[in-house]
Amino acid sequence: MASHSYTVSTDELAAAIAEMVQDTIDEDEKVLHERVQEAAKTTVKQLKSSSPKKTGVYASSWIATVDDDDIGHMAVTVHNRKKPGLTHLLEKGHAKFIHGHPTGGRVAAHPHIEPAYEAGARVLRRGT
């Protein structure tokens, strides 16, 4: 944050303090939004590289959707746009079925979402 020198009268002191506080809030909000965007990109990049790649469709379908409103709230949702139903099955593993009947076997888990989440969270926490 840049330091500034101010000369104000006592009548203008409250307005000057309010302006400095608002400048600080605006700068912090800008940095936070940049960091959220960077965290989302990091998460998507890691998911694309660490996801199972049988055909490549699942791995290449990860996207981040940003919802930013006018009052400073920002939310990012990272999701798989083409195969959303596979995420939990691949991350946690699942029981095997043949013609609707359980075989007693399990498909091994392929954890890839949690590590990507952690990588994005590290980017978001960086510098705090």
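The values are calculated or read from the model by the stated rules, or taken from the named source; none is laboratory data. Just so it is clear, the model here is predicted, and its values are computed rather than measured. Every residue, glycine as well, gets a Cβ built from its backbone with ideal geometry; the counts of neighbours run over all protein chains shown.
Go through region 39-57 and give me each residue that's among the charged types (D, E, K, R) and loosely packed, with under 12 Cβ neighbours inside 10 Å.
Looking only at region 39-57, we keep the residues that are among the charged types (D, E, K, R), and these are 41, 45, 48, 53-54.
Correct list: K54 only.
Are any residues in region 72-81 under 11 Å from the mean Cα position of the chain (by Cα) and over 19 Å from H112 (Cβ atoms), and if so, which ones? Break it down into steps so the answer makes sense when it comes.
First pass over region 72-81, keeping only residues under 11 Å from the mean Cα position of the chain (by Cα): 74-79.
Answer for region 72-81, where residues must be under 11 Å from the mean Cα position of the chain (by Cα) and over 19 Å from H112 (Cβ atoms): M74, A75.
Checking the structure you have, find out if any residue of region 36-58 is assigned to a helix (DSSP H, G or I), among the acidic types (D, E) and free of Cβ contacts under 8 Å to residues at least 40 places away in the same chain.
So in region 36-58, the residues assigned to a helix (DSSP H, G or I) come out as 36-50, 57-58.
Then drop every residue that is not among the acidic types (D, E), which leaves 38.
Filter again for free of Cβ contacts under 8 Å to residues at least 40 places away in the same chain, leaving none.
There is no residue in region 36-58 that is assigned to a helix (DSSP H, G or I), among the acidic types (D, E) and free of Cβ contacts under 8 Å to residues at least 40 places away in the same chain.
Per-residue answers, yes or no, for (1) surrounded by 13 or more Cβ atoms within 10 Å (Cβ to Cβ); (2) modelled with pLDDT of 90 or more; (3) under 11 Å from the mean Cα position of the chain (by Cα); (4) of a type in the set (D, E):
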| position | (1), (2), (3), (4) |
| --- | --- |
| M1 | no, no, no, no |
| S9 | no, no, no, no |
| E12 | no, no, no, yes |
| V21 | no, yes, no, no |
| K30 | no, no, no, no |
| Q37 | yes, yes, yes, no |
| A59 | yes, yes, no, no |
| D70 | no, no, no, yes |
| K83 | yes, yes, no, no |
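Within region 72-81, count every residue that is at negative phi and either loosely packed, with under 12 Cβ neighbours inside 10 Å or at pLDDT below 90 (or both). Break it down into steps so the answer makes sense when it comes.
Looking only at region 72-81, we keep the residues that are at negative phi, and these are 73-81.
Narrowing the set further to residues that are either loosely packed, with under 12 Cβ neighbours inside 10 Å or at pLDDT below 90 (or both) leaves 73-75, 77, 81.
Summing the residues that are at negative phi and either loosely packed, with under 12 Cβ neighbours inside 10 Å or at pLDDT below 90 (or both) in region 72-81 gives 5.
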